[in-house]
Structure formats: C-alpha cells, structure tokens
Amino acid sequence: MKSTTRGTLAAVVTCVAAAVATPAVAADGVPVAVPLNGVEHSLDMEMPKVGGTVPLIKPGSPDGPRYVEGRLLPDRAVPQVPFSSDMPSLDLRTPLPRVLGESFDHLTATTAASDLHAVTPGASLDAPLTAPRADALGLPAPKLPEAGLLAPVLQAAPEASLGLAPGL
C-alpha cells in the first residue's frame, strides 16, 4: 500500500471518528435505562420501569488570583472553579396492588433535569510580612498571617412529581 493511500485512509478514519464522537461530547447527559425485561419474563410478573439521565459536568474557567496593593501574596491564592451541569433525571413506573380500586394500578415518580451550578471552595492567604517599607530601608515588618476560606456555592432548583396512573 502506497504512503499516499495510507495517508488518505488515515484522514478518512480520523474524520469518521470525529463525526461519531462529536454528538457524545455535545450532549448534556447520558440516558440510562435499567433493563429488567429478563427478570420480568423469568418471574412472569410485571417489573418496574426505571430510566433516567446521568448529567455530564462542564467545568468553567477559574476565578484567578487578584493582586492587591500592600500584600505579598495575591488575593484568592487558591481560586474557586465554577461547574455547571443538569440535575440527574429519573423516571420510575412501578406496579401496585389494586388497593385503590381498578383504575389505579401504577405508581409514577419523575424528576426533571434542572440546572445545577456549583463553585468549589477557595482560599485567600497572606504572608506574615508586610510589603517593603521605605522608612525601614526597604525591609518588611512582621505581622500576623492571614488565612481565609472562600465558601463553596451550590445553586439548583430540583423538582419532582409523584402520581398514580393506570397501566404502563
């Protein structure tokens, strides 16, 4: 096989692989279904239907250090990193004994995929020395060290529904 043929074949394989991988990367979540069909057929009874999505986490750009006049170390020495994702969704339908009459024989529970925003904790530190002072011939003076923790943040608005319904 010639080197030009091999190069063309490698380019085609690379393009196909990129075209196949792109939709998976662009998705917000991975659908998951729990396969209970085999148990349903082997036990000859109706099994719950369980499915949902597992979200993909997308990191943001960290809020970097900020230089402050009069400090030796920058503010926010350990930066906070934001993350965004969806909440996992769930769809559950399970059979119930006919306790509530003939029209209600299934319980449904669903959660919607809502937005989730989080920020990791960070730290702000300062050295136990002041900035160089002109009145002390450029030497720093001792001071108490400073340390602070930047609290993590979590924002979400989860929602769920629970209901009774006939049939699957």
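Derivation of every value follows stated rules applied to the coordinates shown; laboratory data play no part. Just so you know, these numbers come straight off a predicted model, no measurement behind them. Note: ideal-geometry Cβ built from the backbone for every residue, glycine included; neighbour counts use all protein chains shown.
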* **segment 148-168-segment 74-95 distance, computed between alpha-carbon centres (Å)** => 11
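Arranged from highest to lowest average of other beta-carbon atoms within 10 Å per residue, in what order do the peptides 58-68, 116-126 appear?
Going from most to least packed, we get 116-126, 58-68.
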* To do: Quick one: what are the phi-derived ³J(HN,Hα) couplings along segment 126-133, Karplus 6.51/-1.76/1.60 with θ = phi - 60°, whole Hz, x for glycine and proline?
  => 9, 6, x, 10, 7, 5, x, 10
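If r is the Cβ-Cβ distance from Ala165 to Leu56 and R0 is 45 Å, what FRET efficiency results, to the nearest 0.05? Before the final figure, lay out each step's value.
Values: r = 31 Å, r/R0 = 0.69.
According to the calculation, E is roughly 0.90.
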* Asked: Under a 5 Å amide H to amide H cut-off, with H placed in plane at 1.01 Å, what residues pair with Val81 once short-range neighbours are removed?
  -> Thr120
* Per principal axis, descending, Cα span of segment 29-165 in whole Å -> 91, 28, 20
* Set the Förster radius R0 to 41 Å, insert the Cβ-Cβ distance between Ala147 and Ala112 as r into 1/(1 + (r/R0)^6), and round the FRET efficiency to 0.05. => 0.50
* To do: Work from the charge dipole of segment 29-165 (Cβ charges, +1 for Lys and Arg, -1 for Asp and Glu, about the Cα centre) and give the residue of Gly51, Pro74, Pro97 farthest towards its positive end.
  => Pro74
* Asked: Order of Met47, Met87 from fewest to most other C-beta atoms within 10 Å?
  -> Met47, Met87
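For segment 29-165, give the magnitude of the charge dipole about the Cα centre (Cβ charges: +1 Lys/Arg, -1 Asp/Glu; no others), in debye to the nearest 20.
Details: 9 positive and 15 negative charges, 114 e Å.
That gives segment 29-165 a dipole magnitude of about 540 debye.
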* Amide H contacts of Asp105 (H built 1.01 Å from N, under 5 Å, at least 5 apart or other chain) -> Ala165, Gly167
